[in-house]
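Novice: Here you go, one structure.
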Amino acid sequence: ARPFPWEPEARAAGAPRAATAGNDPRSARHRQALFGSGMFADRTAPGADVQSLWRSARSARCEAKTCQTGKISTAEAATQSHTARDAVVQTEQSKDAVQDFQQEVQVDYIGLLSFLQRVEDAVIKELNKNWKSHAFDGFEVNWTDQDETVLCLHTLSYPEAQDQNLQVTSVSWNATGSVIACSYGRLDDGDWSTEKSYVCTWNLDRRGLNPQQPDLVVDVPSSVMCLAFHPSQPSLIAGGLFSGELVVWDTSRTEDPVIWRTGMTDDTHTDPVYQVNWLPDSKHRNHARLLSVGTDGKILVWREEQDGRLALAEGFAIVAQQIPRSTRLKKVAWGEAAVGVTSLSFSPFDAGVFVVGVEGGYCLRCSTGAQSPALPRPSGSVPLRAPAELAFSPHAGPVYSVSCSPFHRQSCFLLPPSPRNLFLSCGTDGQVHLHSMLQTQPLFALQLSKKYLFCVCWSPVRPLVFAAASGEGKCLLLSIKLKVHLFDLARSMQKPTVSLKQSVGDCPVYCLEFNTKHTRLLAAGDAAGIVKVWQLSSDFTEQGPREMSHLEQLASEIMD
């Protein structure tokens, strides 16, 4: 049989093809099934009905025929603004509203005058009675919340200085009260003259304050013994070195902060400088002079020079032979005439009067107007004068700190013309003395510690409050060391009102300073290289009624 046209005439050899009688195109039965009895024939096939499942499912979901995307999801979100404020309207008030308001506040002046005339005599009588009454003398309304606790706000340190076992020798607040500076050095035995030290500052108002990373670190080749910020220029700070030199740094200059220094000359101290103070310059209002005291017995006043030098302007010397005879120190040889000065404090109401503490245990009242030359005459560009006028009853050891009271009663026709001049002193005998500049004997002596007292200072806001730093103080009940003591003489003259735990172990506290701008802050530095900033309670910062009178009365009673 000849194959159909659509069948290949030949196949590849070996390519099998499965064929049956029913599906073989060459079979007669297959051709009959395809074409019937003839080649072509008309045939009507029955119709088929297929139900659409897609339409029914889509109608059940209520979907739109023309939407080809999926369901759009929505959500509600709160507004991103969380603050609101009120603003006044910008429209002007109508004239009708003004007239209505004026009609509402009309006053019966005739009736008011009649009422005042009727009660005039009674009101004046009561006012006179109140004016003569003493029931509310000294009463002051206090609207602030009372805080009776003392908190440690910051614990500051410089790890590199602590690794060298350096101690905090001095602390000082700047003119704004926001920056605290400390000097690192050594006050005990050691090779002070060749040991590197540091001056560090922290801005307590800075965000992200790191207590172990100072904002500024100044490397100093000699141990820094004392610091003092400029009273009006917040970036200037002066320091006294163990070598006897004075240096002034500008903390706003990070490259080379040194702007003035004395250098090592014949005018420089030959012993360590233990205190520096800024003094106003009467000749140049915008300048300040710098005062320094050292254990060589010299009290020197320096002025600024344009070439970066501090030049000696005037000076004084404490000499044993020139101390008043009634309280002269022990006899010394001529070569030992100088008496080491360890501390100094100026009277707040008489710029020409100051008190110094000396190694011999005495406190001396001195005057800047002294004209007697110091003997023997030391070498230097400026002749030194002997300022001592009065010696007070001594401590049993060297005096380490003196502090004149910043409070005094102003003289007027109602008050005595001579105010009480009070100052505090402390030393190695562990005692705090309260003195009046009018007499040699102390008003009282308080035995605070069995070890040294290194610092004492008056509160800048409370006439009856002062703080003291000790080398030892122990609470027997809790067996902890307490090194910072706060006294309120209105409560007790025998013991501290509050004693604070500054450090662990036997590390003494060397320095204290109140913050005169933020009066609730007190800074204390210790031998462990730590500066703690304490926040005082309101009891120590808010002056009570008639507190000045209480201080005057207290001094008078003790003297009598």
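All of the numbers you see were taken from the coordinates with simple rules; none came from a lab. None of these values were measured; they are calculated from a predicted model. We place every Cβ from the backbone using ideal geometry, glycine too, and count neighbours over all the protein chains shown.
Novice: Quick one: which residues, 5+ away or cross-chain, put their amide H under 5 Å from the amide H of SER393? H built at 1.01 Å from N.
Specialist: Under 5 Å from the amide H of SER393 lie the amide H atoms of GLN441, each far enough along the sequence or on another chain.
Novice: Quickly work out the THR149-to-ASP188 label distance, labels modelled 7 Å from Cα along the C-beta direction, and quote it in nm with one decimal.
Specialist: Here the modelled spin labels are 3.3 nm apart.
Novice: On a full-extension model of 0.36 nm per residue, what is the gain between THR265 and ASP49, subtracting their alpha-carbon distance, rounded to one decimal in nm?
Specialist: 65.6 nm
Novice: Past 18 Å, Cα to Cα: identify those pairs from LYS450/LYS495; LYS450/LYS532; LYS451/LYS495; LYS483/LYS517; LYS451/LYS501, in the order given.
Specialist: Those over the limit are LYS450/LYS532; LYS483/LYS517.
Novice: Please list, in order along segment 451-463, the HN-Hα scalar couplings obtained from phi with the Karplus expression 6.51 cos²θ - 1.76 cosθ + 1.60 (θ = phi - 60°), rounded to whole Hz, x for Gly and Pro.
Specialist: 10, 5, 10, 9, 7, 9, 8, 6, 5, x, 10, 10, x
Novice: Also, quick follow-up: Per residue of segment 220-229, in order, report the coupling 6.51 cos²θ - 1.76 cosθ + 1.60 (Karplus, θ = phi - 60°) as ³J(HN,Hα) in whole Hz, putting x for Gly and Pro.
Specialist: My calculation for segment 220-229 gives 10, x, 10, 4, 8, 9, 7, 9, 7, 6 Hz in order.
Novice: Can you tell which of SER222, LEU187, TRP173 lies farthest toward the positive end of the dipole of segment 169-314, using +1 and -1 charges on the Cβ of basic and acidic side chains (Lys, Arg; Asp, Glu)?
Specialist: Of the listed residues, the answer is TRP173.
Novice: Additional query: Sorted by mean Cβ packing within 10 Å, highest first, what order do the peptides 206-218, 114-126, 483-495 take?
Specialist: Result, highest mean first: 483-495, 206-218, 114-126.
Novice: Could you run the Karplus curve 6.51 cos²θ - 1.76 cosθ + 1.60 with θ = phi - 60° over segment 351-364 and give me ³J(HN,Hα) per residue in whole Hz, x for Gly and Pro?
Specialist: Whole-Hz 3J(HN,Hα) from phi for segment 351-364: 5, x, 10, 8, 10, 10, x, 10, 5, x, x, 9, 10, 10.
Novice: What is the set of long-range amide H partners of ALA313 at a cut-off below 5 Å, with H atoms built 1.01 Å from backbone N?
Specialist: Amide H neighbours of ALA313: VAL301, TRP302, ARG303.
Novice: Would you mind working out the magnitude of the charge dipole of segment 158-276 relative to its Cα centre, with +1 at each Lys and Arg C-beta and -1 at each Asp and Glu C-beta, to the nearest 20 Debye?
Specialist: That gives a dipole near 500 debye.
Novice: Classify segment 156-239: rounded, prolate or oblate, from the alpha-carbon gyration tensor (a ≥ b ≥ c, eigenvalue square roots; a/c under 1.5 rounded; otherwise prolate if a/b is larger than b/c)?
Specialist: Oblate, since a/c reaches 1.5 and b/c is not below a/b.
Novice: How would you rank 384-397, 422-435, highest first, on the average number of other Cβ atoms within 10 Å across their residues?
Specialist: Descending packing order for the listed peptides: 422-435, 384-397.
Novice: Can you pull the one-decimal nm distance between simple spin-label points at ASP281 and MET548, each 7 Å off the Cα toward Cβ?
Specialist: The answer from the label model is 3.3 nm.
Novice: GLN535 to ALA135: FRET efficiency via 1/(1 + (r/R0)^6), r the Cβ-Cβ distance, R0 35 Å, to the nearest 0.05?
Specialist: The value I calculate is 0.45.
Novice: Between CYS226 and residues 5 or more places away or on another chain, which pairs have amide H atoms under 5 Å apart, with H built 1.01 Å from N, and which residues are they?
Specialist: Under 5 Å from the amide H of CYS226 lie the amide H atoms of GLY240, each far enough along the sequence or on another chain.
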